[in-house]
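Before any comments, here is the structure.
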Amino acid sequence: MTSQRQSALDRLTANAPFLARLAELQPDDVTRFLTDGTDAALAAVAAPPMDDDIMVSLRQWRGRIALLLALGDLSGEHDVATTTRHLSAFADAACDAALAAAFAERVPGEEPRGLSVIALGKLGSHELNYSSDIDPILIFDPETMPRRQRDDPTEAAVRIARRMTEILSARTANGHVLRVDLRLRPHPEVTPIVLPVDAAISYYESEALAWEQAAFIRSRASAGDRALGGEFLSAIQPFIWRRSLDFRQLKEIGAMSDRIRDHFAQGQAFGPGYDLKRGRGGIREIEFFAQVHQLIYGGRDPSLRVPATVDALAALAKAGRIEGGVAERLTSCYAILRRIEHRLQMIEDQQTHGLPLQPDALDAVARLDGHADGAALLAMLQPVTAEVAACYDRLVLERAATSGLPRDEGELAGALMAAGFEPPEPALRAIAEWRGGKLRALRTPAAQDALETVLPELVKALGAAPDPEAALTRFDKLVSGLPSAINFFHLLAAQPELAKVAVRVLTLAPTLAEALGVRVELIEGLIDKRAFDAPADKAQLRAEWAPGLAGLDYERLLDRVRDRVGERRFAYGVQLIAGASDPMVIARGYAELAEAALQVLADATVAEFVEAHGRIADSELVVLALGRLGGRALTHASDLDLIYLFTGDHLAESDGRRPLGATTYYNRLAQRVTAAMSVPTAAGKLYDVDTRLRPQGAQGPLVVTLDSFERYQREEAWTWEHMALLRARPVYGSDGAKAEVQCVIDTLLTAPRDAGKLTQDAAEMRDKMAAHKPPKGALDIKGGPGGLVDLEFAMQVTQLASGECHDPNIAAALACLKGKGLAPPEVCEAHALLARMLVMLRLTAPEGEPATAAARQLVASQCGEPGWPQLLAAHDAARQDITNWWASIRPDPQEKMP
C-alpha cells in the first residue's frame, strides 16, 4: 500500500500542477497520507473555527481536502463513489459555514435559520465532481428568517444569499471554495437569487418545465435551514414524482439530449477533444438513461426515488425496469468516465470535461491515471463510450424516425388497407375529421402534433383488431369524450404496446372502455409490468398503498384510495381480456382489493370520528361481509353486501368532546364508512354498498350489537337469512372481535334443524325470487333454471341440513361436500364453468348485452373451451347438472307442508 501511495504522489507531482502546488504547501498532510493513509489524513483536517477570516480559512481547508482526496483517488484507497461523497460533504459544510458567516455579519447573535440551500445535480445526489460548480436553489421563509428591524424580508434574504455566494465563489490569492451557479431557479432573469418558499412551491406546482422536473430527481436540503428545505421538497413531491406522467415532458427531456449533442457537436466524435460529460456515450447519457426510467416508473414505485445515478441503476434493475446486465455495464462505465473526468480536473483545478487536443496534455492525463500515454487512455475509453451510446440509443423513449401517415387520400387509403381496413372509407373519414379538428380534444396545434405522432402505431393497432371498423368507432368515441388527448397520444406513441392494449379494451370490454373514457390515465398503470402479476392480497395492497396515503387529510385519502382501487381493478380487467389470468384468480383479486379498501377507509373514518366523539370503552365496530365479498369471489361490477355490528354495552357513551350514546355513535359511524366506500368524489366512485341483509332488513337499524344480532338470528331470522350467513365472513375489526363474531355465526349455523321445513322454506323463497326477478336472457348466469342461484340454494340447504362444510367460498364448500358424498361431483365442474362465465361476461357483455364475436371467442377460451358453440353446449350441460341437483333436494312443487 505504501508503494501505491508513493506512486500516486509521484504521478500527481509530475502531471498535475495544481495539486503539486498544494503538496508543497501542505507537507504534513502528504507525510500523514504516506504513513497512515487517506482516511487518517482526512480525519486530521478539521473545519476552520468561525472566528477566523472566513475567506482565507475556507480556501485553505478546501485546498487540504482537495489534495488528500486526489491522493486517495489516485492511490486506489478511495473509489469514485467515496471521493464524490467526501467532496459533497465538504461542499455542504462549506455552504453552512459561509451562510453562518453571512448571517453573523448581517444579524449578529442570531442563529442562521429561515434560509435553506436546496442542492440539485451532482451535489444533490452526493456525486460532486472534483472541480465542479454547485447549482443550488435558495429559498427563505419571511416569517422565520432573522433580519434587521427595518429590512424588507426579500431584500434581507438577497443580501445574505449574495454574501454567502461571494464567500464561496470569489477568487482570491488562495483560490476559491466553490463555484456557485444560481441560474437554475425559476425565471432567473427576473427573480431574486433567493425565493420566498411559498412562491417557490406555487411555481413548481403550476408552471415548472420538463427539465426542472428531471433536475429535482437529484435534490436535497444540503445546507442552511434543513427543516425548511425538507418541508419545501415534501410539498413539491407530487411535481417531481407524478403518478400520471406527462409524456410530452419525457419527449422534451429526450430532446434535451439531442440538443446537447448538437450544441456540443465538436465533442461528440471520440478521440482527442472528446467531451466525457456531453459527448455521445458520455456521462450525461448514463444520467439521462437512469432519470428517464425514474420519471416513468418512480411516480408509482417509491423504491426508485433515489438521487445517485449508480443507486438509481441498481434500484431500476432490482425492480425489473431495466436488465441487470445493463445496470452493471452502465455502472462500470460511469465509474470509469467519472474517474477520467476527475483526472482532467485535477491538473489545473478547472471545470473541464473534454480530453485535451494537444498530445502532450493528453499524455499527462493518461499518465496521471496510470497509463503509458494518451493512445493507451483512448484505447481504454473507446469501448466504454461505445457501450454507453448503445444502451442510450436503445432507450425506450428514443424517438425513432417515422414518416407518419400520408395526407394524400389515395396514399392514405392504401396505407389503411395494408393495415387491415377494408374498405378504407370509414377510417379515411375518421382520420380526416381528426386532422380537421372536429373533436374538441384535437383542436390545438399541440394536439394535432400529438395525433400525427401516434397515428402510425394507432392505425396498426386498430387495423389488427378483430373488427377494425368497430375498434375505430369506439376509439373515436373515447377521444370525443376527452377534454384533451395530448398526453394520451404521446403515451401511446411512446409505448406502442399500450396502443394494442387500448384497442383490445375498446374491442372486447365495454366495462373497461367506459372506465377508460372517464379516466384515460388508467392506461398508464399498465406501463408497470407488475400490473400483469398475480393479484396481491389485502396485506400486500395495504403495505403498497401506505407510503402514498401517509399524512393525507381525510378527503384526499378518499380520493387516493379511489385512484388506487380504480387502477388495480382496471389492470385486473385487462389481465382477463389479455387471457393472462384465470378468471377465478382475478375474482379472488377483486375481493382482496375491496377488502383492503374497506379496511383502509374504515380505519381512516374511525380515526376521523374519534377526533370529534372519542371512543367507547371495551367496544368497537365490526364489519361482516356476505355474498360474493364474503365468499372472496367478486366480479368487476360486484357490489358489497355488508352487515355492521358493534361489541360491548349498548348503554355506554363515548368519551370525546361531543359524546354520543353507543347506538347513535355506531349508526353514525357506519353511515360514514358506507359513504367512504360508496359516495362519488372528484376521483370517482368506489363500490355500491348493500346493507339490506342486516337484521330486519332496510326497516331495521343500520348497526346492532353483537348480542342483538345473535338473538335476532336465533329467534326471529328467516331460513334464507341463515342461508345468507353461510357466506358471511368478518372483514373489519380487531382479531378478537372478529373471532367472537365468527363464533356466533358458527354456533347459529350448526344448530339442529327440521330438514323438511328447511327445504320447504328454501323452495318457497327460490320461487318468489324467480317470480320477481326473471332471467334477463339465456346467458343470465345467475338466474334461470340451473343458474348459480339454484346452485347456491341447493348447496346451502345441504350445508344447513348436514351441518357440514360451512366455507364462505362456494368452490371450497362444494369441494368439501363432494368429498363427503353430499354433492354430486359434476356440480363442482358446473360451478367452475358458470363462475368463470360470470366473471368474463360482466366485462365483455354487461347488462346482458350481446357479446361481440371476438369477445365470445375470448370468453370461451378463458372458460377452457375451444369456441363459442362448445362453450354454449358446456353451459347448457352445466345448467342441467345443477337443475338435477336442486330438483333432487327441493320438495315436489305440488306438495305442501302440513
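The values are calculated or read from the model by the stated rules, or taken from the named source; none is laboratory data. Because the structure is predicted, anything quoted here is derived from the model rather than measured. So basically every Cβ, Gly included, is an ideal-geometry build from the backbone, and we count neighbours across all protein chains shown. Ligands, DNA and RNA are stripped out before the accessible areas are found, and what is left, the full protein with its side chains, is counted by its heavy atoms. Shrake-Rupley method; radii C 1.70, N 1.55, O 1.52, S 1.80 Å.
Rounded to two decimal places and with Rh computed the Kirkwood way over Cα pairs, what is Rg over Rh for segment 42-95?
Using only Cα positions, Rg/Rh for segment 42-95 is 1.00.
Please work out how much length the chain gains when fully extended from residue 712 to residue 540, using 0.36 nm per residue of separation minus the C-alpha to C-alpha distance, in nm with one decimal.
Working it through step by step, the gained length comes to 58.3 nm.
Tilt of helix 27-36 relative to the longest C-alpha principal axis of the chain, in degrees (0 to 90, nearest 10)?
Approximately 50 degrees, to the nearest ten.
Identify, among 860, 172, 599, the residue whose Cα sits farthest towards the positive end of the charge dipole of the chain, taking +1 on the Cβ of Lys and Arg and -1 on the Cβ of Asp and Glu, with the dipole about the Cα centre.
Of the candidates, 860 comes out farthest on the positive side.
At 7 Å along the Cα-to-beta-carbon direction for both residue 782 and residue 89, put a label point, then send me their distance in nm to one decimal.
The answer from the label model is 6.5 nm.
With point charges of +1 on the Cβ of Lys and Arg and -1 on the Cβ of Asp and Glu, referenced to the Cα centre of the chain, which listed residue (888, 459, 378) lies farthest in the positive direction of the dipole?
459
Largest first and to the nearest Å, give the Cα extent of segment 312-358 along each principal axis.
Answer, in whole Å and largest first: 43, 18, 11 Å.
In terms of the Cα gyration tensor, with a ≥ b ≥ c the square roots of its eigenvalues, is segment 513-573 rounded because a/c is under 1.5, prolate because a/b exceeds b/c, or oblate?
oblate
More than 21 angstrom separation, counting every C-alpha pair in segment 646-718; what % is that?
39 percent
Quote to one decimal, in nm, the extra length available between residue 227 and residue 739 on full extension: 0.36 nm per residue of separation minus the C-alpha distance between them.
179.8 nm
Over 19 Å, how big is the tail of the calculated P(r) for segment 327-428, in percent of all Cα pairs?
Here the tail beyond 19 Å accounts for 62 percent of pairs.
How fast does segment 106-200 diffuse by Stokes-Einstein, in µm²/s, taking the Kirkwood radius from C-alpha pairs at 10 °C and 1.306 mPa s?
111 µm²/s
Highest first, please rank the peptides 681-692, 303-314 by the mean number of other Cβ atoms sitting within 10 Å of their residues.
Ranked from most to least packed, the peptides come out as 303-314, 681-692.
On alpha carbon coordinates alone, what is the Rg over Rh value for segment 603-708, Rh being the Kirkwood radius?
0.99
Please state the charge dipole magnitude for the chain, taken about the Cα centre, from unit charges on C-beta atoms (+1 on K and R, -1 on D and E), reported in debye and rounded to the nearest 20.
Here the size comes out at about 800 debye.
Assuming a ≥ b ≥ c are the square roots of the Cα gyration tensor eigenvalues, decide whether segment 506-647 counts as rounded (a/c under 1.5), prolate (otherwise, with a/b larger than b/c) or oblate.
prolate
So what's the convex hull volume per residue for the Cα atoms of the chain, in Å³?
Hull volume normalised by residue count: 224 Å³.
Largest first, please: the extent of the C-alpha atoms of segment 198-242 along each principal axis, to the nearest Å.
Result for segment 198-242: principal-axis Cα extents of 27, 21, 14 Å.
What pairs from 768/818; 460/538; 738/776 go past 32 Å between their alpha carbons?
Over 32 Å Cα-Cα: 460/538; 738/776.
How large is ³J(HN,Hα) for each residue in segment 431-447, as worked out from phi by the Karplus curve 6.51 cos²θ - 1.76 cosθ + 1.60 (θ = phi - 60°), to whole Hz, x for Gly and Pro?
Those phi angles translate into 5, 4, 5, 4, 5, x, x, 5, 7, 3, 6, 10, 9, 9, x, 5, 5 Hz.
Can you list the HN-Hα couplings for segment 302-310, worked out from phi with the Karplus curve (6.51, -1.76, 1.60; θ = phi - 60°), rounded to whole Hz and with x for Gly and Pro?
x, 5, 8, 8, 10, x, 6, 4, 5
Can you find, among 755, 2, 650, the residue sitting farthest towards the positive end of the charge dipole of the chain, where Lys and Arg contribute +1 and Asp and Glu -1 at Cβ?
Looking along the dipole axis, the top candidate is 755.
If the chain between residue 553 and residue 379 were fully stretched, how many nm would it gain, using 0.36 nm times the residue separation less the Cα-Cα distance?
That pair, residue 553 and residue 379, stretches by 56.8 nm at full extension.
Rounded to the nearest 10 degrees, what's the angle between the helix 755-772 long axis and the longest principal axis of the chain, both from Cα atoms, 0 to 90?
Computed tilt is about 70 degrees.
Could you go through segment 132-148 in sequence order and give the Karplus-derived ³J(HN,Hα) for each residue, using 6.51 cos²θ - 1.76 cosθ + 1.60 with θ = phi - 60°, rounded to whole Hz, and x for Gly and Pro?
10, 7, 10, 10, x, 10, 9, 10, 9, 10, x, 7, 10, 6, x, 7, 5
Leaving out ligands, DNA and RNA, what percent of the accessible area of the chain is carbon and sulfur, probe 1.4 Å?
52 percent
Run the reach check for residue 318 against aspartates and glutamates, Cα to Cα strictly under 15 Å, same-chain hits fewer than 8 apart removed. What comes back?
By straight Cα distance, residue 318 reaches 301, 328, 528.
Calculate, in whole percent, how much of the Cα-Cα pair population of segment 693-744 lies beyond 12 Å.
Beyond 12 Å sits 67 percent of the P(r) for segment 693-744.
Relative contact order for segment 464-541 using alpha-carbon pairs under 8 Å, separation at least 6, rounded to a whole percent?
33 percent
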